[in-house]
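Accompanying notes for the structure given below.
Throughout, read-outs are computed from the coordinates displayed, never taken from laboratory work. These numbers were taken from a predicted model, which means no experiment stands behind them. Here the Cβ positions follow ideal geometry from the backbone for every residue, glycine too, while neighbour counts run over all protein chains shown.
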Amino acid sequence: MTQVQVLILGLLLGGVYALMASGLTLLFGVMRVVNLAHAAFIVLAAFLSFFLWEGAGIDPLVSLVVTVPVFFLLGMAIYRTVFPRIEGSPRFTEMTVLMTFGFAFILEGLMSKYFTGIFRQTKPPYAQDAIILGDLYVPTGQLYAAITSAVFLVALWAFLKYTRTGYGVRATMQNRDAAQLVGVDVRRVSTVAFGMGMALAGAAGALISFVFPFYPSRHWQWIAILLSLVVLGGMGSLKGAVVGALGLAVISSFVSTHIGAVWAPITFFGALFLMLMVKPEGLFGKKARA
Amino acid sequence: MTDIRTVDQATAPATEQRVPSSSRWWVLGAVVLFALALPSARFLGSYNYVLQLATIAFMWIALASSWNILGGYTGYISLGHNVFYGVGGYVAGMLLLELGWSPFVTAPLAGLVAMALGLVAGLITYRAHGTSFIISTVAMLLVVTLLMDNWSYLGGSNGLSLPLPGFDVSWLKVPFYYAMLVAAIGAVILGHRVQHSKFGLALRAIASDEVKAEMAGINTRKYKVMAFAISAFFPGVVGALWGYSLSYLRPVIFLIIAVAARMVLMSIVGGRGTVAGPVIGAVLIIAIDEASVSLLGSSELNLAVTGLLLVVTLLFFPLGIVGTLREHNRLPAWLDWD
């Protein structure tokens with residue numbers, strides 16, 4: 001395999017990781033919530049796509065119109081029922097880590113029980129196909145997934161940049177108290193942002209359903225990778241998450257080709273440890289408030 | 001030192017005004033005596049189930065109490081502490097296979113190796129705070145799992161079989177029972193010593209406000225790394241014993257994140273940063289486990305119950321059983337081991 005080929009595969013993979021990580025970093029940026037259950041929700045969305053595919057023959061790319069709104073509503077409901085209770089606690093972020101750690105186990109347990117631990121994958125025709133360009137090949141499944149991810153990320157960026165609510169979200173990311181002072185309804189912005197973070201998980205779930213085989217306990221592997229690249233990019237920075245995802249996915253794809261596929265995840269964790277030792281706040285992060 | 005004391009009093013005002021009581025010593029003494037005498041029930045019939053359950057409970061008391069040194073006193077939450085448990089299991093297992101040394105003898109050594117690894121982990125992560133620290137412990141767990149799954153010398157993901165100890169089968173569980181009991185008592189005493197030492201004071205100062213602690217002249221870096229190392233010792237010890245009692249070692253036994261979740265859950269349910277908390281939490285969670293597996297009949301739903309308990313505890317009693325009772329001045333003297 002040529003180096004260009006490895007690069008292409010890495011970039012396609014990175015596109016999907018970027019979407020998976022974007023919801024995570026949005027939640028942290030706006031609400032200081034670290035959602036350890038993010039990947040578990042992604043797996044749940046993948047199951048939703050899978051059952052739509054198996055049961056009704058709906059293409060996973062079409063099932064986005066179901067998973068995204070469903071997860072948006074689910075996100076807002078979760079935010080409203082759980083988070084106001086712990087909002088005032090002195091170590092809020094740490095509390096959210098533990099709380100979502102609990103969510104992850106609840107989801108994994110229920111999914112293992114009712115959906116079983118069998119490896120699943122939706123198999124639309126394009127998922128097994130590839131475009132051949134000379135001696136290079138581009139797997140169409142991953143290509144479509146990466147393109148769809150890019151569309152969602154651009155839409156997210158445009159929303160944050162050009163809409164009034166998006167403006168409020170960015171203000172809240174920069175300084176929650178100041179945003180409140182200048183009249184941003186932080187509570188509403190947080191609810192919407194949480195819904196959007198979960199909607200991004202819903203979108204990522206539909207995409208990974210044909211890119212990776214999945215099973216309930218697989219989410220730990222993903223959340224560790226996602227958290228590593230979010231820390232690397234700087235917690236709460238969308239740009240950081242995208243750059244981290246693309247960069248690390250490319251490196252891991254080289255590791256996978258030249259050293260062995262099982263060692264690919266080490267790239268992410270190794271990069272995390274290096275970053276923690278050199279620049280703990282990450283590439284694009286603000287100095288951490290302890 | 002005066003500065004540190006002020007920080008400490010701000011976090012735990014209740015400890016200073018406690019009425020000294022001897023009732024807890026009676027209760028603790030009775031519990032330990034009962035535990036020591038329990039294996040003699042073997043003469044009355046087959047008590048293997050009870051012994052096994054008690055052995056498991058002792059193991060979790062040791063694990064949760066150790067986690068509490070870092071996660072409770074210091075306020076640094078580790079979601080990868082089962083790494084040290086696994087390392088202990090493998091170190092003792094390999095010493096048994098390669099040199100024929102019994103894990104009953106090498107368990108403390110396995111603890112020391114785990115401690116050395118804890119020191120390394122502490123040195124890598126001491127610059128990370130709060131969330132980044134938690135994430136790095138998850139990453140540490142996954143790195144070690146990946147190594148263990150693919151290290152053919154250690155049997156990879158299929159693991160290794162260990163020879164059984166050469167005792168009479170009907171008494172097989174008894175030495176494990178006593179060894180775990182010793183480990184559990186050791187871990188609780190360690191927690192108590194830490195609580196009452198200058199070292200523990202520094203840890204609690206770090207937990208309440210790391211910047212102020214640093215200002216007060218505490219070498220926070222040194223103390224955090226030390227807390228990490230010390231909290232790794234007993235997980236290594238009980239890992240060595242547990243692997244031997246199962247007679248096989250496999251990464252999934254030690255390294256699935258649910259094991260780490262248990263340590264966290266037990267400490268939080270019982271009360272983080274208290275001596276009695278992890279003990280109460282461990283016993284309670286083991287009891288709930290037994291009940292839920294026999295009622296629901298499924299280990300998958302048991303996982304969901306674990307998660308639900310964590311969420312409910314955090315929402316309604318974030319201080320845990322011991323912490324909540326103390327806050328309302330309802331903590332019975334026999335539960336106040338601090």
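Counting other Cβ atoms within 10 Å, which chymotrypsin sites (Phe, Trp or Tyr not before Pro) in region B:143-225 have at most 12 and lie in a DSSP loop?
Answer by residue number: B:Phe167.
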Once a ≥ b ≥ c are taken as the square roots of the eigenvalues of the Cα gyration tensor of region B:207-315, is the result rounded (a/c under 1.5), prolate (a/b larger than b/c) or oblate (a/b not larger than b/c)?
oblate
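Once the Cβ-Cβ distance between B:Val312 and B:Met215 is put in as r, and R0 is 51 Å, what FRET efficiency do you end up with, to the nearest 0.05? Spell out each step's value before the answer.
On the way: r = 37 Å, r/R0 = 0.73.
The calculated FRET efficiency here is 0.85.
Counting only helical runs of four or more DSSP H residues, what would the 222 nm mean residue ellipticity of chain A come to if each run contributes -39,500 (n - 2.57) and the total is spread over all its residues?
Values: 11 runs with 212 residues, N = 290.
Only helices count here, giving -25000 deg cm²/dmol.
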Name the residue from A:Ile132, A:Gly57, A:Phe71 whose Cα lies farthest towards the positive end of the charge dipole of the protein assembly as shown, charges +1 on Cβ of Lys and Arg and -1 on Cβ of Asp and Glu.
A:Phe71
dims of chain B, Cα set, principal axes, largest to smallest, nearest Å -> 57, 46, 37
Any idea how far apart A:Lys279 and A:Thr2 come out in nm if each label point goes 7 Å out from Cα toward Cβ?
3.3
Would you kindly derive the ³J(HN,Hα) couplings of region B:109-118 from the backbone phi angles with the Karplus curve 6.51 cos²θ - 1.76 cosθ + 1.60 (θ = phi - 60°), listing them in order in whole Hz, with x for Gly and Pro?
5, 4, x, 5, 4, 4, 5, 4, 5, x
Among B:Arg326, B:Arg24, A:Arg164, B:Arg193, which comes first, then next, by fewest other beta-carbon atoms within 10 Å?
A:Arg164, B:Arg193, B:Arg24, B:Arg326
Which residue, A:Ala46, A:Ala245, A:Ala158, has the most motion in a Gaussian network model of chain A that connects Cα atoms within less than 10 Å?
A:Ala158
If we count every other residue with Cβ under 15 angstrom of A:Trp157's Cβ, Lys/Arg +1 and Asp/Glu -1, where does the sum land?
+3
Arrange B:Val91, B:Val174 by Cβ neighbour counts within 10 Å, fewest through most, would you?
B:Val174, B:Val91
With R₀ set to 35 angstrom, the calculated FRET efficiency between the beta-carbons of B:Asp168 and B:Val120, to the nearest 0.05, is 0.25
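Between B:Phe104 and A:Gln174, what is the FRET efficiency for a Förster distance of 45 Å, r being their Cβ-Cβ separation, to the nearest 0.05?
For R0 = 45 Å, the calculated efficiency reads 0.15.
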If I model a spin label as a point 7 Å beyond the Cα along the Cα-Cβ vector, how far apart are those points for B:Glu327 and A:Asp185 in nm?
3.2
Each residue of region B:97-107 in turn: what ³J(HN,Hα) in whole Hz from Karplus with 6.51, -1.76, 1.60 and θ = phi - 60°, glycine and Pro shown as x?
6, 7, 10, x, 7, 5, x, 4, 8, 8, 3
Close Lys-Lys pairs in region B:24-335, where close means Cα under 24 Å and separation is 8 or more or interchain:
5
Filter the chymotrypsin sites (Phe, Trp or Tyr not before Pro) in region A:109-172 to those in DSSP coil with at most 12 other Cβ atoms within 10 Å of their Cβ, and list the result.
A:Phe119
Using the alpha-carbon centroid of each, what span in Å lies between region A:251-279 and region B:268-338?
38
Simple spin-label estimate for A:Thr257 and B:Leu246 in nanometres, 7 Å along Cα-Cβ:
3.9
